Structures are given as structure tokens and as C-alpha cells.
Amino acid sequence: MALGARCAIGATPIGQNRPEVTLLDYGAGNVRSVRNAIQLMGFHIKDVTGPKDIEKATRLIFPGVGSFWAAVDSLKNRGLIEALREYVQEDRPFLGICLGLQLLFEYGEETGYVEGLGIIPGGIKRFDESSGLKVPHIGWNALHLKQDASILDGVKGRHVYFVHSYRAVETPENKDWVLATSTYGTDFIAAVRKGNVHGTQFHPEKSGVTGLNIIRRFLGGGQSEAAERVAKQAEEAEPGKTAVQLAKRVIACLDVRTNDRGDLVVTKGDQYDVREHTETREVRNLGKPVDLASSYYMDGADEVTFLNITGFRNSPLGDLPMLEVLRKASEKVFVPLTVGGGIKDFTDKDGRYYSSLEVAAEYFRSGADKISIGSDAVYAAEEYIKSGQKTGNTSLEQISYVYGNQAVVVSIDPRKVFVKSPSEVPYKTVKVACPGPNGEQFAWYQCTVNGGREGRPIGAFELAKAVEELGAGEILLNCIDCDGRGEGFDLELVKLISEAVKIPVIASSGAGTVDHFSDVFSETPASAALAAGIFHRKEVPIALVKEHMSRAGIETRF
Ligand code: 1PR
């Protein structure tokens, strides 16, 4: 019998007496999307405030976020470990997501050996990157179903969203738990199930309609019109495109700032100049952040990135509109959201000091899955290269330690500088296909801060390697020269950086045609490609980009 039938919730009429789901949120990251997904399905959320709430729960969802040790610590401090273990051992309806699955195992090795709940035999270990695998495993991957699918009915042939560096593997001892595996380098456990107890390594709440339908099925069917729509959409989802492996991601980017009238708008620069070339020099206004984000979600964007491009001037905690954008967007957008701009330690105008960790926490709580650090990461890398010492105090190190490196992106804003010979500069250079204005055959990529306004004594290559060591989980690689030009990504730059680091690299700046996407994926190891202008101006829809990539033989999520 399908689990859906076992957990079915009577005949509660739509909109009345919403049934309850208990949510175990220990406040360590973005659980907003899980909340939004549950509410969308027509359920009321009861938060766990103590062990009693777990004892009384009839359905429990545990979306683990952050690091293994931090999660165990928090559960221990709140006295929840025993109640949780008993709940699962009693085979009561349970869905653990990501770390919520991992904690069911005996131990994790993320920061040394840490004991888990010990329900599933085996441990959680890091992906093996020795053969050049990019870790974290970030993106949309395929599932191989091992048991009758139950909550996974309908996912065959579709991609779901993963973001993690650690995983469990199937062994003879835990084989009876394994519901689905996925492949990244080697096979790993993507979902578990025994009786009413379920766990997914991927994020259903971030896996679009496919994922929402998994949550709906776990809840025994939806209790709202939205849930009915999800079921219908999942059923009607285009057949014939079969997920095989990790897909190359297409990301829509929204540069957000207030214009001169004080409205929060999506803008777009031309080589980072966001003002119209008119007498009044108004900030270019391309639409409203939440509306655009949700339309890109509907069009098939694999992720949405918001960059608060004046973050270096305005404190993000005081910048309530940006937090509100995240909160509103996460109600409609069920794919990952990244937010950048102004993530650093700061003191506000009233003299209140905020650590970058508090700033990041506020963004995560408001709906961000990943935060992106720009200028502050440049200063941290410069210091690290100079001293050769990690202090553990930089925003990058601290956020990565608490939330895991998969939640930390470093955004690089480099500008190309031509040189006659590599010996002219102490930075890594590339031999360029198109020589510079004075016939220069080489170039290095100078990092900038404050939205490209200030060049720093560090190259993109050196920065990328340093931030990887300091705890970045992904690199968003912009290019000031290409930004807004529509002439294609800087393939020399993307190749240089994505070959230099073991973490995923997002190629950004310059997309103008569908061919630019297939070029960047066939000529470089970039994991994702980000574009802004062509999507905002509706020149090339996301669906067309994806059709083209698929025809070019590039794994694509539909
Ligand atoms: O330094 O931590 O406060 O972060 C500031 C963030 O804001 C950085 O990620 C930085 O890249 C971004 N930013 C600052 N100023 C600008 C600007 O445009 N004036 N935007 C800016 C960067 C570049 C891309 C753009 C792509 C694709 N925008 O994000 O979306 O180039 O564009 P295209 O497809 O139209 O070519 P901090």
C-alpha cells in the first residue's frame, strides 16, 4: 500500500480545520521554504518547543540545516534527542530532510566523529574529491529508485535538488532502508524509508513541483487548491526528458537596489553602470524583485540569485525591503535562493554592532539557502595570503563553520588587465585569444570591491584558491568587462578559475544567446551559468536556453 494511503487525513474539506504537522526547526538555517511548502499544502504547523511536542506529534518533519555537530548540539541542548529517537523507533510518520536524514545514521564525520541517532547502520562521510570531483555536490541530480516508490511516485526521470558535501552509502547492513540512490562520483543514498519513517538527502522543498509533490504525498495528500494544482502539474509534467546525472544549472540573477525615488527595483548594469545613458541618469528599472523571481521560477530557472548591489553602503539588517523580498519570494519560489550584498561585520548608525554571522542568520531566516560574500571575502583572502594563517574570524570562515560551506558563495568581480608578459605581475595570467589594445598577448584578472569601484592587489585565480581554503562552497564568477554586453561569457576566465578550484563555479556575465550557454558548458568545467539582462529584457527565455542545452547533449533539468 502506498504511504499516501496509510497517512491519509480523513475528509477534511479544503480551507477548513487545517490538519497539523509538527516541525522540528532548531533555528540554524533556512527552514522557511519547508514551512511555506507545508502551508501551501493546506496544513497548520506546530513548532517543536520541547520533547512533549515530539511525543504528541502525528506527523513530524525535520529539515536539518547547518553542520552535523551543530545540529546534534542543538538537539542535545534542547533535550530532544531521546524523544526524537523514540518517535522514529515507534515507526510514526517522519520525514527527515538533508541533515534530518543524516542524523538518523550512527555518526557523522563533518568535524571529527559525532554520534547521530544510531537508527540506520552506517556513517556520514565526505564525498571523495581525489579524482577531481567538485565538492559540495550542488545541483539537480537524478534518482535511482530501489524500493516501491511510495512518496517518490512520479519522480522517475526527474531531477531533484541536492546541496551537501557529506553522504551515506549503501551497505548490506542498511540496504533495507534504501529507497533511492543517486550518483555523484560514486553511488550514495538519496532517500531512505522503512514503514512510516522517511528521509531525503535532497531538498524536496527546493525541487520545484516534483519536490512539492513529494511533500504532498508524505502528508497523505494535500488539503488546499494549491496542493491539487501541484498534484496535477506533477502528473502532467513533460514526459520524455529523462534525468540521468547532475544537470548543469541555469541561474537567473536579480541585481536589486533602491532607485532615486526610493523604490526597490531590479536593475541591470552595463559593465556595472546601472544608470540610464540619459541626462537624468536614472537607475535602470527592469521590474519588481518578487514578481521577476517568481516568473523565472515558473519559466524553469534552476536557482534565483538576489544581489543587493548597494549592500556596501546600506546595512542589510536595516535594509528591511531586501529581507522582505526574500520572505515573499520564498512563498512562491521553490528552487534555491541565494542572496548577496553587504555580508560583513558592521555597526549601525545607532552604534549597535552586528557580526557577519548575525547578518547571515537574518538572511537565512528570511528564506535564503545560500549567502554570497563579495568585498569582505577579498579582504579576507588578501590577509590570508599575506599571513599564511587562517584566523577563523573572517565572515567567510565563521559562516562556513556554522552553516557548512555549501551555504557560502563567494562572488568575484574581476576586471581584465592586459600585460605584455606574465613576468610583469605576481598574479596568474592567461594567454588571450584576442590581444589587448597594445597587442598584449596576456592578461590577469584583477579583483575589485564595492561593486567594481576599487581594484585590489589580488588576482581572481589567487582569490578563488584562497577563499576555497577559507571555506567557500561555491564561486560566483562575474566579469566586469563582459557584464551586460551580451557577447558571451569570458571563457578564458571561466576555464582558469573552474580548473583551479575543487568547488563548483558559476559562470556569470555576458550571456546574449543560447549558444553562449552551450559554449560555456562544453568549453569549461563550469557547474552553472548565470544571466540577468537577457532574461529581464525577455530577449531569450529560460525555456529556450534549456531546450538548446538539451539538444546540445548537456544534462538539463526540466
Ligand atoms: O561586496 O559583499 O557587498 O557584494 C556586492 C554584490 O553586488 C557582489 O556580488 C557584486 O557582484 C554585486 N554588484 C555590486 N555592484 C554591482 C553592479 O552591477 N553595479 N552587480 C553588482 C554585479 C553582476 C552580475 C550580473 C551578471 C550577469 N552584477 O551579478 O547579474 O554580470 O549579467 P548579464 O547576464 O546581464 O551580463 P558585497
**Study point:** For q = 0.14, 0.24 Å⁻¹, Debye-computed log10 I/I(0) when each Cα of the range 471-545 counts as one equal scatterer
**Key:** -0.39, -1.05
**Study point:** Stokes-Einstein D in µm²/s, Kirkwood radius over Cα pairs - the range 52-194 at 25 °C with 0.890 mPa s viscosity
**Key:** 156
Exercise for review: Return the carbon/sulfur percentage of the accessible area of the range 318-413, one whole number, probe 1.4 Å, all protein chains in place.
Suggested key: 50
Revision key, fill the gap. The long-range amide H neighbours of Leu307, using H built 1.01 Å from N in the peptide plane and a cut-off of under 5 Å, are Leu254, Asp255, Val256, Gly340
Point to revise | Packing-based order for 374-385, 540-551, 276-287, using average beta carbon neighbours within 10 Å, highest first | key: 374-385, 540-551, 276-287
**Study point:** Estimated inter-spin distance, Lys420 and Thr58, nm [label 7 Å along Cα→Cβ]
**Key:** 8.1
Review point. Suppose every K and R has +1 on its Cβ and every D and E has -1 on its Cβ; what is the size of the dipole of the chain about the Cα centre, in Debye to the nearest 20?
Key: 740
Check your understanding: By what distance, in whole Å, do the Cα atoms of the chain stretch along each of the three principal axes, largest value first?
Key -> 74, 54, 46
Study note, to complete from the structure: Length gained, Glu90-Asn438, 0.36 nm per residue minus C-alpha separation, equals 117.8 nm
Revision key, fill the gap. Once phi for every residue in the range 71-79 is put through the Karplus expression 6.51 cos²θ - 1.76 cosθ + 1.60 (θ = phi - 60°), the whole-Hz ³J(HN,Hα) values, with Gly and Pro written as x, are 5, 4, 4, 5, 5, 5, 4, 9, x
Study note, to complete from the structure: Expressed in nanometres to one decimal, the distance between label points 7 Å along Cα→Cβ at Gln245 and Lys349 is 5.4
Point to revise | Ala237/Lys386 FRET efficiency (R0 51 Å; Cβ-Cβ; nearest 0.05) | key: 0.45
Exercise for review: Could you state the angle between the C-alpha long axis of helix 491-500 and the longest principal axis of the C-alpha atoms of the chain, as a value from 0 to 90 degrees rounded to the nearest 10?
Suggested key: 60
**Study point:** Sites Lys175 and Glu279 - FRET efficiency at Förster radius 60 Å, r taken between beta-carbons, to 0.05
**Key:** 0.25
Study note, to complete from the structure: Percent relative contact order for the range 7-119, counting Cα pairs under 8 Å at least six residues apart, stands at 24
Review point. Restricting to lysine pairs 8 or more places apart or on different chains, what number in the range 372-449 have Cα atoms under 18 Å apart?
Key: 5
Practice item. Check cross-link reach from Lys268 to the aspartates and glutamates: straight Cα distance under 13 Å, and skip same-chain residues fewer than eight apart. Key: Asp255, Glu276, Glu282, Asp483
Check your understanding: Quick one: which of Lys206/Lys349; Lys156/Lys495; Lys502/Lys538; Lys125/Lys248; Lys370/Lys538; Lys56/Lys232 span more than 31 angstrom between C-alpha atoms?
Key -> Lys206/Lys349; Lys156/Lys495; Lys502/Lys538; Lys56/Lys232
**Study point:** Theoretical ellipticity at 222 nm over the chain - DSSP helices of four or more residues, -39500 (n - 2.57) apiece, nearest 500
**Key:** -8500 deg cm²/dmol
Check your understanding: Relative to the Cα centre, what is the charge dipole magnitude of the range 161-256, using +1 at the beta carbon of each Lys and Arg, -1 at the beta carbon of each Asp and Glu, and rounding to the nearest 20 debye?
Key -> 80
Check your understanding: What's the angle, to the nearest 10 degrees (0 to 90), between helix 542-551's Cα axis and the longest principal axis of the chain?
Key -> 90
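The values are calculated or read from the model by the stated rules, or taken from the named source; none is laboratory data. Just so it is clear, the structure is predicted and the values come from calculations on it, not from any experiment. Using ideal geometry, Cβ is built from the backbone for each residue, glycine included, and neighbour counts are taken over all protein chains shown. Surface areas here come from the heavy atoms of the whole protein model, side chains and all, with no ligands, DNA or RNA. Shrake-Rupley method; radii C 1.70, N 1.55, O 1.52, S 1.80 Å.
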